[in-house]
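J.: For reference, the structure I am asking about is given below.
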Amino acid sequence: MPLPAGVQSPIRCSGGGAASGLWNQIRADVFAHPVQVLASAEGGIQGAAILAGVAVGWYSDAAAGAEEVVHVAETWALPPMRFVSTRTPFASSAPCTTLWMASGKHGMIGSSHD
């Protein structure tokens with residue numbers, strides 16, 4: 001899944017979903033782009049505080065406020081040659097999946113369909 005054209009900076013995550021190292025690595029793998037987790041889990045509140053700081057003149061703009069306030073705790077990146085496009089495997093397995101579903105033999109283990 002490509003990022004919009006021109007995106008160069010890492011994807012940044014915060015909050016509860018950012019606590020899982022596995023999910024962060026999956027994000028990096030899917031987007032083929034580094035993922036950073038912020039030191040503060042409260043990214044929304046930090047953003048509001050930065051905008052308030054811009055409004056009262058503490059920061060010249062939101063980017064300057066973020067540069068001062070936001071800190072990265074961890075970064076997940078792709079090891080060399082790890083990313084492989086998933087479009088071809090999924091596209092090529094679609095006929096197999098369709099046949100499997102049509103066969104009616106996809107019940108739970110231990111069910112009467114085994």
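J.: So what is the relative contact order for region 11-82, in percent, with contacts set as C-alpha pairs under 8 Å and at least six apart? Please list the in-between numbers first.
T.: On the way: 89 pairs, mean separation 28.1, N = 72.
Over region 11-82, the number comes to 39 percent.
J.: So what J values fall out for region 57-70 if you push phi through Karplus, 6.51 cos²θ - 1.76 cosθ + 1.60 with θ = phi - 60°, rounded to Hz, Gly and Pro as x?
T.: x, 6, 10, 5, 7, 4, 5, 5, x, 5, 4, 7, 9, 7
Here, each number is a calculation from the coordinates, and none is a lab measurement. Worth saying up front: this structure is predicted, and the values here are computed from it rather than measured.
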